[in-house]
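Encoded as structure tokens, the structure appears first; notes follow it.
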Amino acid sequence: MTNNIYIAKPGKIKGRVDVIGSKSITQRVFLAAALASGRSEIHNPSFCDDSIAVLNIIQKLGADVRKEGNTVYVNGINNYNTKRYDDISLDCLESGFTLRSILPILAVNGSNFIVSGKDTLIRRHIGNEYQLLNDYIKYNTTEHTYSIYKKLDLSSIELINPDSSQMISGLLISLPLLNHDSTITIINPKSKPYIDLTVNILAKFGIQITGNNTVYNISGKQEYIPKYIDIEGDMSGAAFFGVAAAISGKLVLNNLKKDSKQGDKNIFDILSSAGARVDITDNIFTISSSNLKSFNYDATNTPDLFPPLVALAINCDGISEIKGIGRLSQKESNRKETLMSEFTKLGATIWCEGDSMFVKDSVLKAGKVDSHNDHRIAMALSVAALNAEGDVIINQADCVDKSYPGFYNILESVKR
């Protein structure tokens, strides 16, 4: 890649990929470790830009962070919820999870924090669920910053049709620190697998949350316990390599867990239903290409699968339907519009009806496209280019560092 341009060349692939540590797990683990009294040891974390955003913030809040090779040691902040801070500014970079989750965590402390972000993040809608935090958080429409001005004191929370799960994760992380018990009731939750992932990670740090799929009971005065955590591979990133293998060769993917709580592990069921050969043995995932047929999938709860699924659908015989486009407008780009515009430039046939995107099998031609500074769009275009008739030139290509540093180098290393 040169001058922020990646030239994606067609070709077959074969080899092994050690999948990067999960970004979603890393971010949650960093936050939990920062709230624990003592030292946590975190092996194989993701060092993507979004994870670094969390790491920078917990350091500024007082966590002692030390990196040695592929391990991060975090000495947590003693008595975080009673510690006083004075006018601290925190930068979430372009990480939506960092912004949406850190606000309730900061509100539990109640000091005067100013929270900002960069580029696409400051233009993105933070979510209707933040209305319940209006008494604690103010948004500066001129500076595009958030400020904490009152200590969080909630006991009964009801969220109806929340736009995302990210603020809910922030509440689940922060509410155990309150002096009283609390309950979160969610009507029609979005991205439920990410909520379950948060609950699972918190349990590893000694935080107990009980309830069912819509009601979460959280005892107050809980304490985070430092832990050793080995971060499993990122299913969202693995999805692109799985699709690459399914459409153009064979890959063995390491560092993944068969029983992962990550919702995006659904990609392997989708690949199998589309006709790819998928073998999972001892947490080693082997994907091989075959005659692919169209598929139907509802991505409402796993919206990050949309871009790789479009790349897959283009190579499947027939018309595939992917539901859940309502979740795409507030990502790094408006992914509905971006997927349609950029893949159409290459000759794909894509249209939308209602909440579904339809993708017809197509032979992509050579051409120039733009990632719109969206990491998952860039990766989807580079994977789909494996079966294009010529080179696909991708502008704003370095945005992949947001979630998968070194993605292009890995992709090139398995080309044959």
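The values are calculated or read from the model by the stated rules, or taken from the named source; none is laboratory data. All of these numbers come straight from a predicted model, not from anything done at the bench. Cβ sites come from the backbone with ideal geometry, for glycine too, and all protein chains shown count toward neighbours. With ligands, DNA and RNA removed, areas are computed over all heavy atoms of the protein, side chains included. Shrake-Rupley method; radii C 1.70, N 1.55, O 1.52, S 1.80 Å.
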Residue list for the range 190-224, restricted to those being open to solvent by 50 Å² or more (accessible area, probe 1.4 Å) and over 13 Å from residue 173 (Cα atoms): 210, 211, 212, 213, 214
The residue that is surrounded by the fewest Cβ atoms within 10 Å (Cβ to Cβ), considering only those in the range 225-244 that are over 22 Å from the mean Cα position of the chain (by Cα) and of a type outside the set (Lys, Arg), is 228
Every residue from the range 145-166 that is at pLDDT 85 or above and either open to solvent by less than 40 Å² (accessible area, probe 1.4 Å) or within 25 Å of residue 374 (Cα to Cα) (or both): 145, 146, 147, 148, 152, 154, 157, 159, 165, 166
Can you go through 164, 169, 174 and tell me which one is among the polar types (S, T, N, Q), closer than 21 Å to residue 300 by Cβ and in a helix (DSSP H, G or I)? 169
Looking for whichever is open to solvent by less than 60 Å² (accessible area, probe 1.4 Å), outside any helix (DSSP H, G or I), of a type outside the set (S, T, N, Q) and modelled with pLDDT of 85 or more here; the options are 108, 115. Which one fits? 115
Selected residue [more than 16 Å from the chain's Cα centre (by Cα) and basic (Lys, Arg)] from 257, 261, 265: 257
Residue hits (the range 310-332; open to solvent by 10 Å² or more (accessible area, probe 1.4 Å) and modelled with pLDDT under 95) are 325, 326, 327, 329, 330, 331, 332
Can you pull out the residues in the range 226-254 that are under 25 Å from residue 173 (Cβ atoms) and in contact with a helix residue (DSSP H, G or I) (Cβ under 9 Å, 6 or more places away or on another chain)? 226, 227, 229, 231, 232, 234, 235, 236, 237
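Per-residue answers, yes or no, for (1) part of a helix (DSSP H, G or I); (2) out of contact with any Phe, Trp or Tyr (no Cβ under 6 Å at 6 or more places or on another chain); (3) open to solvent by 40 Å² or more (accessible area, probe 1.4 Å); (4) hydrophobic (A, V, I, L, M, F, W, C):
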{"site": "338", "(1), (2), (3), (4)": "yes, yes, no, no"}
{"site": "344", "(1), (2), (3), (4)": "yes, yes, yes, no"}
{"site": "358", "(1), (2), (3), (4)": "no, no, no, yes"}
{"site": "362", "(1), (2), (3), (4)": "no, yes, no, no"}
{"site": "372", "(1), (2), (3), (4)": "no, yes, yes, no"}
{"site": "384", "(1), (2), (3), (4)": "yes, yes, no, yes"}
{"site": "390", "(1), (2), (3), (4)": "no, yes, no, no"}
{"site": "393", "(1), (2), (3), (4)": "no, yes, yes, yes"}
{"site": "398", "(1), (2), (3), (4)": "yes, yes, yes, no"}
Consider residue 121 carefully, then state whether it is under 29 Å from residue 88 (Cα atoms) and under 17 Å from the mean Cα position of the chain (by Cα). yes
